[in-house]
Amino acid sequence: MTESAFPVTVVTGSRTGIGRHLAEHLLEQGHAVVGCSRQATDLAHARYLHVEADVADEAGARAVVGAARKTFGRLDNLVNNAGAAAMNHALLTPAAVVERLLQVNTLGTFLMSREAARVMMGAKRGRIVNFSTVAVPFHLAGEAAYVAAKAGVEALTRVLAQEFAPFGITVNAVGPGPMDTALTRGVPDDKLEALRARQAIHRSPTLADVAHVVDFLLHPSSGMVTGQVIYLGGA
């Protein structure tokens, strides 16, 4: 095992969407990236390693972090992007859907953060960036289970920020507005427009917008920022 000369970053849910963009973006920025998803990926790069794992599974979370440590010698950053969404009235939402949303979004974030922090604490430094959504502060009707799961992510962000601070690890979250991803393509345009209208900035964030905020939260200059949730577009 040779320690990497590059920043080592884990990006969960890196096969598609925001996670795929962030993985590619960070590779361009000179990071060594360990990505994961439940399926294989076609992303190929000399500094990219992909692990097929479910972040909501304890063994899966350990496998991802363990692969980063074994391959690159350390872990500097974790981006908890992996998530699941479902939009339906609470009266029509099966318990199995609620369980999966809580497992992927909340439990997955907890397990990955715990395992990453166990590695980062030895170096007395680290960055963890979680993903929430503007649906939390807007209390969006029709998304009760999803909002509850992401509210849990925000609570974890604030508590873990306190627990991990003595080890030099910051924990923050990014909350994008509606984006053109697989999670929103089934949502009617009028509902997306109504949501954008509630934001201070009346447009959807781009993948580049998300990447810029993540860049800042991973950068050494953000060392005094922790326990914060940054909503893109304003909420």
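Among all the aspartates and glutamates, which ones have a C-alpha under 15 Å from LYS70's C-alpha, if same-chain residues fewer than 8 places away are not counted?
GLU3, GLU115
Ignoring everything except DSSP H segments at least 4 long, calculate the 222 nm mean residue ellipticity for the chain; use -39,500 (n - 2.57) per segment, divide by total residues, nearest 500.
Only helices count here, giving -12500 deg cm²/dmol.
Going by alpha carbons, how many degrees (0 to 90, nearest 10) lie between the helix axis of 108-120 and the longest principal axis of the chain?
So the inclination is approximately 20 degrees.
In degrees between 0 and 90, to the nearest 10, how far off the longest principal axis of the chain does helix 189-198 point, with axes built from Cα atoms?
It works out to around 80 degrees.
Hey, got a sec? Which trypsin sites (Lys or Arg not before Pro) in the range 160-199 land in a DSSP loop and have at most 13 other Cβ atoms within 10 Å?
Those that pass, being in a loop and sparsely packed, are ARG185.
Which of the three applies to the range 1-42, rounded, prolate or oblate, going by the alpha-carbon gyration tensor with a ≥ b ≥ c and a/c under 1.5 meaning rounded?
Cα axes put the range 1-42 in the oblate bin.
Mind pulling the angle between the C-alpha long axis of helix 144-164 and the longest principal axis of the chain? Nearest 10 degrees, somewhere in 0 to 90.
That helix lies at roughly 30 degrees to the long axis.
Just how large is the dipole of the chain about the Cα centre, in debye to the nearest 20, putting +1 at every Lys and Arg Cβ and -1 at every Asp and Glu Cβ?
Value, rounded to 20: 440 debye.
Just rank PHE131, PHE110, PHE164, PHE138, fewest to most, by other beta-carbon atoms within 10 angstrom.
If I rank by nearby Cβ atoms, fewest first, I get PHE138, PHE110, PHE164, PHE131.
Round to a whole angstrom and tell me the spacing of the C-alpha centers of the range 69-147 and the range 4-22.
15 Å
Would you mind estimating how fast the chain diffuses translationally, via Stokes-Einstein at 25 °C and 0.890 mPa s with the Kirkwood radius over Cα pairs, in µm²/s?
Estimated via Stokes-Einstein, D reaches 138 µm²/s.
Using only alpha carbon pairs under 8 Å that are at least six residues apart, calculate the relative contact order of the chain and give it in whole percent.
18 percent
Here, each number is a calculation from the coordinates, and none is a lab measurement. Owing to the predicted nature of the structure, the values given are computational and were not obtained by experimental measurement. Reconstructed Cβ throughout: ideal geometry from the backbone, glycine too, with neighbour counts over all protein chains shown.
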